[in-house]
Amino acid sequence: MNLLRNWYFVQTAAINPAAQNTAFDDKVMGELIRFVAAHEVGHTLGLPHNMGSSVAYPVDSLRSPYFTATHGTAPSIMDYARFNYIAQPGDGVKNLSAKIGEYDVWSIVYGYKPIPEALSAAAERKVLNTWIKEKAGNPVFRFGAQQWRTIDPSSQTEDLGNDAVRASQFGIANLKRILPKLIEWSSEEAKNYEDLRELYNQIFGQLGRYMGHVTNNIGGVYKYSKTYDEEGVVYRHVPKEKQQKAMAFLNKELFDTPDWLIVPEVLDRIEATGIVTRLLNFQKRYLNSLFDKSRTDRLMEAQATEGDKAYALTDLFADVQNGIWSELKSSEAIDAYRRNLQRAYIQKMASLMKSTEDQSDVKAVVRFMLKRLIKEINTNITKQSNPISSFHLEDILERIDEILNPERK
Ligand SMILES: [Zn+2]
């Protein structure tokens, strides 16, 4: 019930008065338990998770009161579809959860409806295949398997809608509405700040889900299961333009310090110290994920097979480096959060150079990018009026030299 409370709060409180406190009334809690119970009963009837369900609904539909009242947040209760974090104040959306949907009803028909005219398993299979083909290509009836390391970004947990970037932008807009109200909505006489701490952590957690959903579009490969007698292929790369948008989102919402999270009125009630490290660790998690070997391997393969149509390994490195080092173009002072992030980037490049993996372009690209960075720092360093920014850049030049010329040490 605490899990449900936290999800409902952090995903809907911006638009939902019933979630603007820490102890919901019984009617609301009952509805939330119904949501989980329906999913679990689905398992007892034999239904697996369908993480490819929520992508069937366009982001804009999830802002429509009529659509969400009739369809919920996903066509299947067996997705990890959460409460509607996309709907914005003023949209008028009232039904905020997923319910037993068209996909679930159809799955039960597929699994349980007797086929009396079929006298053998082989004959039954023929009939079942005609049923499958009736629904083929309709996203409402699509199945997407649960993944442990996400390759297919259209089959993710905890996401909603058909566009992770736009969905996450709406989700972040709502988190920015919740955070300033966090003390007011969690307050209770004679209570300590444990709920405030927990809900603040939930805001970080929910933001992390958005970052993960978007990150997985980079180097992503969709899987739409098909058989020989259906049109088209099974695996398709995420289009280049979509990957570029995902990267632009990460530069804006993750690497450009998300300073809206730094709220002293809240932090001074829940911890002695820690926000600087917490933000850095948050950014590092997705920085590591972006340069994960399986992702860089997929980017190299996409370029090898699709050429210029692909979002390439070099695009990833250039886009991340341009975002994390944007002060070298603007000549703005580099603040403490960004200095931390820039050092983390250099550490990441160092670890990529130390990797024992040799059948890969990664080291060649790292070397090229670091040499480019040296030039950009040398051009910019005299324009930095802030002393600590200059010290930082001098230090970075030394660190890069150690990476590129380890024998000089
Ligand atoms: Zn489950």
Self-check item: Surrounding net charge for ALA118, when Lys and Arg each add one and Asp and Glu each subtract one, Cβ distance under 15 Å
Solution: +1
Practice problem: Name the residue, out of ASP256, ASP25, ASP159, whose mean-square fluctuation peaks in a Gaussian network model built on the chain with Cα pairs under 10 Å. | Solution: ASP25
Quiz item: Between ALA23 and ILE275, what is the spin-label point distance in nm, taking each point 7 Å from the Cα along the Cα→C-beta axis?
Solution: 3.0
Quiz item: What is the helix-to-structure angle for 164-178, meaning the angle in degrees between its Cα long axis and the longest Cα principal axis of the chain, kept from 0 to 90 and rounded to the nearest 10?
Solution: 80
Self-check item: Positive-pole candidate from ILE132, GLY208, ALA37, dipole of the chain, charges at beta carbon
Solution: ILE132
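When a footprinting reagent is the concern and you count Cβ atoms within 10 Å, what order do ARG367, ARG149, ARG338 take, fewest first?
Numbers: ARG367 15, ARG149 8, ARG338 21.
So the residues, fewest neighbours to most, are ARG149, ARG367, ARG338.
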Practice problem: Normalising by the residue count of the range 2-324, find the relative contact order in percent from Cα pairs under 8 Å and 6+ residues apart. | Solution: 17
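What is the fewest-to-most order of VAL93, VAL55 by other Cβ atoms lying within 10 Å of their Cβ?
Numbers: VAL93 23, VAL55 27.
Final ranking by Cβ density, sparse to dense: VAL93, VAL55.
For the range 1-139, take N as its residue count and report Rg(C-alpha) divided by 2.2 N^0.38 Å.
Compactness ratio reported: 1.24.
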Exercise. Calculate the length of the line joining the C-alpha centroid of the range 100-118 to that of the range 350-394, in whole Å.
Key: 58
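Calculate the tail of P(r) for the chain: the fraction of all Cα-Cα distances greater than 37 Å, expressed in %.
On the way: 28320 of 83436 pairs.
The answer is 34 percent, as a whole percent.
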Practice problem: Give the order of ASP26, ASP361 when sorted by the count of other beta carbons within 10 angstrom, beginning with the fewest. | Solution: ASP26, ASP361
Exercise. Please determine, in degrees from 0 to 90 and to the nearest 10, the orientation of helix 313-324 with respect to the longest principal axis defined by the Cα atoms of the chain, where the helix direction is its Cα long axis.
Key: 70
Quiz item: Quick one: helix 2-12 against the long Cα principal axis of the chain, what's the angle to the nearest 10°, folded into 0 to 90?
Solution: 80
Quiz item: Counting only pairs 8 or more places apart or on different chains, how many lysine pairs in the range 123-258 have C-alpha atoms closer than 18 Å?
Solution: 11
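Provide the gained length on full extension for the span GLU357 to VAL221, in nm with one decimal, where the gain is 0.36 nm per separating residue minus the Cα-Cα distance. Write down the numbers at each step before the final one.
Working: separation 136, 0.36 × 136 = 48.96 nm, distance 2.31 nm.
Extra length from GLU357 to VAL221 when fully extended: 46.7 nm.
No lab work stands behind these numbers, since they all come straight from the coordinates. Every value quoted in this text rests on a predicted model; they were computed, and no experiment measured them. A quick note on method: Cβ atoms are made from the backbone with ideal geometry, for glycine too, and the neighbour counts reach across all protein chains shown.
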